[in-house]
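Heads up: the structure comes next, in structure tokens.
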Amino acid sequence: RLYKAFCSRSIVGIEAVHRARFPPRKELRKLLEGKVADLDNVHEPEIAKLEPSLIRQADGDWILKLGARGRGNAEIPEAQNPEAKISEAKITEAKISESVAKYIIRTFDGLVEKHLGDEPIVLMELWPWEYALDIKLAIEDANHPSDEKDKAATDFSWPDDILKAVATEVPAWTMTVAQKKSFQKLVNFSVVRSVQSVWTLYEVKIRQLARHHLGPGFDDSSDQTSDADYAILKEVDIWMKHLFEKLPDAKTEPSERNRVLLKIEDALQECDTARLQKLAGQNEYYKPIPVRGLHKNLKQYLDAIPFEFAEHADTIAQLTTLSQHPL
């Protein structure tokens with residue numbers, strides 16, 4: 001069933017299997033039931049209010065704790081969340097399977113790699129580049145201890161003990177409050193990724209595709225992205241977010257949303273802004289596509305050509321027409 005869904009690019013089919021079979025999503029849905037408005041469309045700000053922490057206990061059990069810092073969990077009124085049966089007793093922690101815990105840790109590892117790697121993410125600007133490798137190695141050692149005795153000696157939690165491990169291994173780095181909070185945010189994102197629906201994950205993929213094709217590109221000579229480039233990326237993110245809001249609803253019109261998302265992905269892959277604008281208009285979203293990043297990339301490509309491209313545009317157009325080249 002899953003193979004057939006992948007081959008046919010059926011988000012509807014993949015979502016059905018994912019919801020029924022994916023262990024992290026199944027387990028965490030039970031823990032989060034009644035604590036978030038929509039279990040199929042969970043976002044980081046909702047999880048941030050619950051302040052999750054993952055705990056590896058000395059006896060080998062794994063615990064996911066919510067409200068670990070004493071603020072508790074604000075329950076959602078039943079009128080706003082009719083699908084969830086909200087218990088009177090607040091669930092603050094629950095035992096989870098080792099496979100689910102390790103999935104959360106792998107996701108955390110991947111997010112750390114992104115924040116300290118080549119792909120610019122907003123949080124990355126908080127972490128100093130001169131300590132990036134040391135921070136990454138400290139987190140890897142803490143996440144995957146080589147000594148089984150040390151591993152079982154005491155409880156270990158994410159993010160609190162991760163913070164302590166980094167502080168011990170990188171003493172030269174004095175972490176600010178914002179940097180410490182960024183570790184909690186990565187744990188939040190790890191939990192979110194574990195429970196999100198395929199619809200949401202697919203939209204994340206398309207947003208990353210939009211950033212790549214409509215964004216400013218990234219200068220290999222610079223480790224950090226400029227404020228101007230961040231502004232362009234934010235512009236692209238906002239445009240895509242508003243476009244997704246205009247698409248058919250995944251719950252009431254899943255097949256139609258599936259069809260439109262695939263068309264959007266294909267248009268982005270081919271960098272076809274005309275087709276993308278047309279698709280947006282067909283879904284009653286008429287704001288022009290942000291093209292500042294596209295223009296910047298095009299200028300960089302044209303600057304690499306060893307002759308004045310604009311002066312020979314007509315000749316090149318005739319050549320491509322005669323050669324029947326699809327581009």
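Worth a mention:
- Just one residue in the set Gly60, Gly67 is on the phi > 0 side of the Ramachandran plot, open to solvent by less than 60 Å² (accessible area, probe 1.4 Å) and at pLDDT below 80; that residue is Gly67.
- The condition (being more than 21 Å from the chain's Cα centre (by Cα), open to solvent by less than 60 Å² (accessible area, probe 1.4 Å) and at pLDDT 85 or above) is satisfied by just one residue among Ala20, Ala48: Ala20.
- Given (1) in contact (Cβ under 8 Å) with a residue 24 or more places away in the chain; (2) in a helix (DSSP H, G or I); (3) not charged (D, E, K, R), number of the condition Val260 does not satisfy: (1)
- If you filter the stretch 132-146 down to residues that are under 21 Å from the mean Cα position of the chain (by Cα) and over 16 Å from Gln179 (Cα atoms), you find that the one that is surrounded by the most Cβ atoms within 10 Å (Cβ to Cβ) is Asn143.
- Tally, over the stretch 248-279, of residues that are of a type in the set (A, V, I, L, M) and over 23 Å from the mean Cα position of the chain (by Cα): 2
- Pairs meeting the criteria (first residue in the stretch 184-201 and in contact (Cβ under 8 Å) with a residue 60 or more places away in the chain, second residue of a type in the set (Val, Ile, Thr) and outside any helix (DSSP H, G or I), beta carbons under 9 Å, at least 6 apart or on different chains) are Val191/Val42; Val192/Val42; Val195/Val36; Val195/Val42; Gln196/Val42; Ser197/Val42; Thr200/Val42.
- Enumeration of residues in the stretch 197-225 that are outside any helix (DSSP H, G or I) and at pLDDT 90 or above: Ser197
- For the stretch 108-125, the set of residues classified as modelled with pLDDT under 60 and either open to solvent by 40 Å² or more (accessible area, probe 1.4 Å) or among the aromatic types (Phe, Trp, Tyr) (or both) consists of Asp118, Glu119, Ile121, Val122, listed by residue number.
- Long-range neighbours under 8 Å by Cβ, at least six apart or interchain, first residue under 18 Å from Ala138 (Cα atoms) within the stretch 93-111, second among the polar types (S, T, N, Q) and open to solvent by 40 Å² or more (accessible area, probe 1.4 Å): none
- Looking across the stretch 272-320, just one residue is in a helix (DSSP H, G or I), hydroxyl-bearing (Ser, Thr, Tyr) and either touching an Asp or Glu at 6+ places or on another chain (Cβ under 6 Å) or open to solvent by 100 Å² or more (accessible area, probe 1.4 Å) (or both), and that is Tyr301.
- Test: residue in the stretch 85-107 that is modelled with pLDDT of 85 or more, among the basic types (Lys, Arg) and not in a helix (DSSP H, G or I): yes
- Yes/no for Ile76 being more than 20 Å from Lys185 (Cβ to Cβ) and either modelled with pLDDT of 90 or more or in a helix (DSSP H, G or I) (or both): no
- Checked against the criteria, Lys287 counts as over 15 Å from the mean Cα position of the chain (by Cα) and in contact (Cβ under 8 Å) with a residue 40 or more places away in the chain.
- Residues within the stretch 236-245 that are open to solvent by 70 Å² or more (accessible area, probe 1.4 Å) and either acidic (Asp, Glu) or at pLDDT 95 or above (or both), tallied: 1
The values are calculated or read from the model by the stated rules, or taken from the named source; none is laboratory data. Everything numeric here is computed off the predicted structure, so don't read it as measured data. Cβ coordinates were reconstructed from backbone atoms using ideal geometry, including for glycine residues, and neighbour counts include every protein chain displayed. The accessibility values were calculated without ligands, DNA or RNA, using every heavy atom of the protein model including side chains. Shrake-Rupley method; radii C 1.70, N 1.55, O 1.52, S 1.80 Å.
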